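Notes follow once the structure below has been shown.
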2 protein chains.
Amino acid sequence: MRNYIIGIDIGGTSIKFGKFDLEGNLLDKWTIPTNKENLGESILTDIARSISENQALNTIKGIGFGVPGPVKHDVVISCVNLGWGRKHIVDEFKAIINDPEIKVKAANDATIAAAGEMYKGIARGYKNVALFTIGTGVGGGIIVNKALVEGVNGVGGELGHIPVDFKHNFKCNCGNLGCLETVASATGIINIAKENLRKSKAKSLLRRFNTFSAKKVIDYAKEGDFIAKKSLEESMRYLAQAMAAITYTIDPEIIVIGGGVSNAGPYIIELIEKYYYEMVKPFITQANFAIATLGNEAGIYGCCYLVK
Amino acid sequence: MRNYIIGIDIGGTSIKFGKFDLEGNLLDKWTIPTNKENLGESILTDIARSISENQALNTIKGIGFGVPGPVKHDVVISCVNLGWGRKHIVDEFKAIINDPEIKVKAANDATIAAAGEMYKGIARGYKNVALFTIGTGVGGGIIVNKALVEGVNGVGGELGHIPVDFKHNFKCNCGNLGCLETVASATGIINIAKENLRKSKAKSLLRRFNTFSAKKVIDYAKEGDFIAKKSLEESMRYLAQAMAAITYTIDPEIIVIGGGVSNAGPYIIELIEKYYYEMVKPFITQANFAIATLGNEAGIYGCCYLVK
């Protein structure tokens with residue numbers, strides 16, 4: 001009997017595994033380190049070995065992968081973090097495990113996280129979801145009519161690269177200027193705070209540090225520090241601008257915010273709502289923002305959804 | 001035998017009718033004036049009468065409506081152009097024609113136009129389409145996996161209201177500032193050209209006029225007039241910015257441009273591509289832009305698609 005599903009969220013430093021029953025209940029989880037040597041050539045065999053060590057292959061119905069890069073039709077377009085270029089991840093993995101009865105699928109990790117939140121998290125019951133994961137960068141996932149949106153080039157849901165800023169010219173990891181990620185990620189919040197500290201002579205608790213985290217900016221903003229508050233508001237205004245663009249495109253039922261910055265909770269949502277409503281008020285009277293609830297398990301739940 | 005479909009594109013000045021066979025071939029078309037008196041209360045009875053005069057009801061399989069305002073689940077959310085507020089257009093129309101065998105559906109007119117281009121126009125064969133109709137305003141339609149995207153508030157595809165401009169502060173018909181429509185519609189092109197004429201002392205053929213059309217700006221831009229070219233480029237850069245946001249959200253297979261401004265043809269597409277690639281180049285090497293081919297018949301074709 002094939003009664004189990006394995007969800008595998010491949011990250012740049014570790015690979016998360018989840019073992020699920022067919023109803024999507026998480027029964028067990030573990031991680032292994034990501035071996036990026038030789039352009040990540042051993043990652044798939046490492047994964048196959050780890051699965052075999054934990055669960056007999058002939059009891060597994062499906063295996064889903066989340067990959068930190070664009071994926072289209074089960075093919076990784078590119079994945080700098082793992083050392084991969086274009087990679088037929090599903091075909092290669094099937095050749096390794098050599099069990100044609102196991103369904104194998106792959107998708108982008110943030111899109112997978114959106115699916116996870118829809119399957120077992122805060123977006124449960126919704127069919128149309130936008131997810132922003134705001135950490136060091138900004139990831140995103142889009143779901144329309146319960147289907148993960150990959151897009152023709154695999155960049156559907158790459159929300160961190162929506163062009164929003166033509167003022168600061170911070171450089172993005174992708175090579176462009178002005179991406180949402182450069183102004184609204186943890187890095188972006190720091191970028192803007194540093195710039196405001198430079199440009200202004202106002203007192204600020206942030207001036208006590210040479211370097212500081214986005215959490216510091218958020219904490220001081222909550223306490224009313226002028227520069228911290230102004231900076232965070234500026235960041236959240238850019239985020240709201242991207243959210244408004246998404247609303248006028250697919251008008252999702254729920255916009256979910258995950259990642260480290262979402263730990264700031266309702267305070268962040270209040271700021272976003274303030275600017276978001278300014279931009280959509282002729283059309284939208286009631287938006288639906290929520291903080292993600294599955295944390296870093298959203299990915300493995302989404303992988304499970306992919307092959308269930 | 002019910003062998004016909006009627007597509008009805010309701011505009012602010014006239015109502016376009018198309019009679020189709022079941023394969024979507026346009027057999028006949030006609031228009032009647034839009035009677036907006038008393039908040040457009042006679043529009044649906046006018047339409048029912050006009051259909052009966054042209055085609056026996058018991059030969060009709062389906063009737064589809066395109067409406068110039070947000071529509072959700074066959075209910076018009078609001079439609080200022082026709083004098084309508086929230087209106088159960090499909091239920092009301094079914095009560096008027098009183099023939100339960102006729103399938104009746106309604107959707108936003110620009111979304112319908114996108115469906116028309118997918119059904120019988122330039123986007124034939126594609127499943128994921130973004131359409132911009134650039135005329136006096138900017139309309140839009142989004143199709144994901146062959147389904148029209150209405151969104152939870154009915155504003156899916158309201159691409160003209162994507163916030164893109166935080167510099168000029170032109171006011172949009174919706175009441176907001178900075179919508180795509182204020183800078184990239186025919187009106188928007190004129191807005192920007194006038195501002196550039198005011199701010200610059202450069203010579204321009206446009207200075208011969210008190211008022212001028214977007215077509216004049218485009219024609220003079222083609223001829224190399226500095227102000228006209230700079231203005232049109234600025235407008236098309238905003239359009240490219242909105243298109244990049246859509247790409248990073250749903251990454252459509254084709255982006256179709258219709259409406260009066262699209263008559264400028266390949267010249268417009270070249271300008272858009274220049275700025276679009278700047279914003280998506282880390283991810284997209286080959287975009288797919290096209291000029292709409294069905295002109296103002298896209299709507300009736302889309303209405304046919306809706307009920308076929």
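No lab work stands behind these numbers, since they all come straight from the coordinates. Just so it is clear, the model here is predicted, and its values are computed rather than measured. We place every Cβ from the backbone using ideal geometry, glycine too, and count neighbours over all the protein chains shown.
In this calculation the C-beta distance from A:THR13 to B:PHE166 is compared with R0 = 25 Å, giving a FRET efficiency of 0.10. Sorting the segments B:278-284, A:15-21 by their mean number of nearby beta carbons within 10 angstrom, highest to lowest, gives A:15-21, B:278-284. If R0 is taken as 35 Å, the Cβ-Cβ distance between B:GLU92 and B:LYS29 corresponds to a FRET efficiency of 0.90. Helices of chain A meeting both criteria, an alpha-carbon length of 18 angstrom or more along the long axis and an average Kyte-Doolittle score not below 0.0, with helices taken as full DSSP H segments, are A:226-250, A:266-280. Determine the percent antiparallel among the DSSP beta bridges restricted to segment B:4-108, to the nearest 5. Counting only bridges with both partners in segment B:4-108, antiparallel ones make up about 60 percent. Inter-part distance, segment A:155-211 to segment B:124-203, computed on C-alpha centroids, equals 27 Å. Think of it as helices only: each DSSP H run of n ≥ 4 in chain A is worth -39500 (n - 2.57), and spread over all residues that comes to -11500 deg cm²/dmol at 222 nm.
Each residue of segment B:20-34 was assigned a 3J(HN,Hα) from its phi angle through the Karplus curve 6.51 cos²θ - 1.76 cosθ + 1.60 (θ = phi - 60°); the sequence is 10, 7, 6, 8, x, 7, 6, 9, 7, 8, 7, 10, 10, x, 8 Hz, with glycine and proline shown as x.
For chain B, the relative contact order comes to 21 percent (Cα pairs under 8 Å, sequence separation of at least 6).
Model label sites at A:ASN3 and A:GLU270, defined 7 Å from Cα along the beta-carbon direction, differ in position by 4.9 nm.
Computed from backbone phi, the HN-Hα couplings of segment A:69-77 come to x, x, 10, 9, 6, 6, 10, 6, 6 Hz, rounded to whole numbers (Karplus: 6.51 cos²θ - 1.76 cosθ + 1.60, θ = phi - 60°; Gly and Pro given as x).
Of the cross-linked pairs A:LYS87/A:LYS215; A:LYS105/A:LYS216; B:LYS167/B:LYS203; B:LYS87/B:LYS216; A:LYS167/A:LYS229, those separated by over 28 Å at the C-alpha level are A:LYS87/A:LYS215; A:LYS105/A:LYS216; B:LYS87/B:LYS216.
Please report the relative contact order for segment A:125-292, taking Cα pairs under 8 Å with a sequence separation of at least 6, and give it as a percent rounded to a whole number. Computed over segment A:125-292, the figure is 24 percent.
Highest mean packing comes first when the peptides A:133-146, A:106-119 are listed by Cβ atoms within 10 Å, giving A:106-119, A:133-146.
Amide H contacts for B:ASN173 (H built 1.01 Å from N in the peptide plane; partners 5 or more residues away or on another chain; cut-off under 5 Å): none found.
Sorted ascending by nearby beta carbons within 10 Å, beginning with the fewest, B:CYS79, A:CYS179 become B:CYS79, A:CYS179.
A cut-off of 5 Å between modelled amide H atoms, ignoring neighbours fewer than 5 places along the same chain, links A:ILE122 with A:THR293, A:LEU294. Amide H to amide H distances under 5 Å link B:LYS72 with B:ILE77, where only residues 5 or more positions off or on other chains count and H is placed in the peptide plane.
Legend: translational diffusion of segment B:158-252 by Stokes-Einstein, Rh = Kirkwood radius over C-alpha pairs, 10 °C, 1.306 mPa s; D = 116 µm²/s. Partner aspartates and glutamates whose Cα lies under 15 Å from the Cα of A:LYS199, excluding those fewer than 8 positions away in the same chain, are identified as A:GLU234. Note on the protein assembly as shown: with charges restricted to the Cβ of Lys and Arg (+1) and Asp and Glu (-1), its dipole about the Cα centre is near 1720 debye. Extending 7 Å from Cα along the Cβ direction at A:ARG49 and again at A:ASN173 yields two label points whose distance is 2.7 nm.
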